[in-house]
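Student: If you scroll down you'll find the structure; I have some questions about it.
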C-alpha cells in the first residue's frame, strides 16, 4: 500500500532507480555453510532504498513549498485557542495551527507534550549496532546472517562493491544516557561478541574504524493516544519500533491518511485526529509485532531456539512451501486498505 502512496506522489520511478538491488540472504553456521536461504522479497520487499536516498528525494520534491530548519529543535509547546506557541533552541518562538511530531522513536515532541514516561517505550531485551564496513566478505548484492545464542550479525552488500552494511544484534538492557556514544557502541559490541565464531572477530575489529555507528536498544512505542490537543504524532514517534516494524512504509501511509483526514474536514482537527488514529492504530499495532520479535530472529536466545529458527526457515523456503512463505512475507505490506480521499 505504501507503493500506491509513492506512486501518487510521483516518486516511485525515482525510488526504483535508486533501489539497492539486494538479493537473497543466507543463514550460515560457524564454517560458513549455508543452512537456510531467505529470498530477497522477505528482507527487501518490492524495492529497498537507503534512508538517506529517500530523505534526499523527499527534500528535493518539497523544498519549494516547505520551510526547512536544520539544526534546531522545539523546547516547549503552549496551546492557545488560536494555535500552538512553539519555542525553539535556535529560532524565535512561533505560532502554528497544528503541530505534527514526526521525529522518530525517541521523539522530542512526544516527550515534551505527552511527558517523559518510561512506559511509552517497551524494551524487547536486545540491543543493536549498525554501521558501514569494508566488504571484507566479498559479498555481491547478497547478505549473510550468523547467529549464536543471544548474539547475531548480519552483513549485506547492495550498493558499492567495496563496502557492506553490518548489523550486530545482542541481548541487553535498555541504554542508559551515558552509553549513547560511538565508543560505548564499540565497547558494547566487543564485549557481547567476545569469543564468537565464524568471521565475527574480523567484523568486530573493523567496527572500531566505522564512523557512522547507530546504537540503540530494540524497543517499540506504546501510547494510549496519538494526539493531544493540536499536537499529533506520526510514524515512529507514534507507533514505531527500532527494527522490523515496517517503519518507513508505515510512516508514508500514516502521513497520507493524516493529510487526507485533515483535508476532509478543514478546521476540525480533533475529528480528523480521531479518525486518523482509528484507521491506523489496529494496523500499526500488528506491525509492532515485528519489532518485538526481530531480536530473536537475528539472535535467538538459546541453542534450541537457534536450531528451530534455522529448521523453520529451511522448510518455508523449500519449493512446496514457497507460495505459503510469500504470503506470510507480504501480509504486513498488504494488510491495510488505503482510503480514497479524492
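The values are calculated or read from the model by the stated rules, or taken from the named source; none is laboratory data. Everything quoted here is computed from the prediction, not taken from an experiment. Please note: Cβ atoms are built from the backbone with ideal geometry, for glycine as well, and neighbour counts cover all protein chains shown.
Student: Quick check: anything in the stretch 182-189 out of contact with any helix residue (DSSP H, G or I) (no Cβ under 6 Å at 6 or more places or on another chain), surrounded by 20 or more Cβ atoms within 10 Å (Cβ to Cβ) and within 22 Å of residue 31 (Cβ to Cβ)?
Tutor: no
Student: So residue 117 passes all but one of these: (1) within 21 Å of the chain's Cα centre (by Cα); (2) modelled with pLDDT under 90; (3) surrounded by fewer than 19 Cβ atoms within 10 Å (Cβ to Cβ). Which condition number does it fail?
Tutor: Among (1) within 21 Å of the chain's Cα centre (by Cα); (2) modelled with pLDDT under 90; (3) surrounded by fewer than 19 Cβ atoms within 10 Å (Cβ to Cβ), residue 117 violates only (1).
Student: Check 127, 110 and return the single one that is over 23 Å from residue 213 (Cβ atoms), buried (at least 19 other Cβ atoms within 10 Å of the Cβ) and either at pLDDT below 95 or in contact with a helix residue (DSSP H, G or I) (Cβ under 8 Å, 6 or more places away or on another chain) (or both).
Tutor: 110
Student: A further question on this structure: Go through the stretch 29-79 and report how many residues are outside any loop (DSSP other than H, G, I, E, B), modelled with pLDDT of 80 or more and either over 30 Å from residue 312 (Cβ atoms) or in the same structural domain as residue 247 (by TED's automatic domain parsing) (or both). Quick ask: steps written out before the conclusion?
Tutor: We begin by selecting, within the stretch 29-79, every residue outside any loop (DSSP other than H, G, I, E, B); these are 34-38, 40-44, 51-62, 74-79.
Add one more test, that the residue is modelled with pLDDT of 80 or more, and what stays is 34-38, 53-62, 74-79.
Next cut, either over 30 Å from residue 312 (Cβ atoms) or in the same structural domain as residue 247 (by TED's automatic domain parsing) (or both) only: 53-62, 74-79.
Counting residues in the stretch 29-79 that are outside any loop (DSSP other than H, G, I, E, B), modelled with pLDDT of 80 or more and either over 30 Å from residue 312 (Cβ atoms) or in the same structural domain as residue 247 (by TED's automatic domain parsing) (or both) gives 16.
Student: Continuing with this model, one more query. Does residue 94 meet the test of being closer than 25 Å to residue 256 by Cβ and over 22 Å from the mean Cα position of the chain (by Cα)? Full working, then the answer.
Tutor: Working: closer than 25 Å to residue 256 by Cβ: no; over 22 Å from the mean Cα position of the chain (by Cα): yes.
Here the answer is no, as residue 94 does not meet what is asked.
Student: If you don't mind, there's one more thing I want to ask. Does residue 212 fit the bill of being farther than 30 Å from residue 77 by Cα, surrounded by fewer than 18 Cβ atoms within 10 Å (Cβ to Cβ) and more than 21 Å from the chain's Cα centre (by Cα)? Walk me through how you get there before you give the answer.
Tutor: On the way: farther than 30 Å from residue 77 by Cα: yes; surrounded by fewer than 18 Cβ atoms within 10 Å (Cβ to Cβ): yes; more than 21 Å from the chain's Cα centre (by Cα): no.
Taking the combined requirement at face value, the residue does not satisfy it.
Student: Report, by residue number, each residue of the stretch 130-165 that is buried (at least 17 other Cβ atoms within 10 Å of the Cβ) and in a loop (DSSP other than H, G, I, E, B).
Tutor: Matches in the stretch 130-165: 135, 137, 139, 150, 158, 159.
Student: Helices (runs of 4 or more DSSP H) wholly in the stretch 239-342 with at least 2 residues that are modelled with pLDDT of 85 or more and touching a strand residue (DSSP E or B) at 6+ places or on another chain (Cβ under 7 Å) - which ones? Give the derivation first.
Tutor: Numbers: elements: 247-264, 269-298, 303-316, 322-334.
Counting at least 2 such residues, we get 269-298, 303-316.
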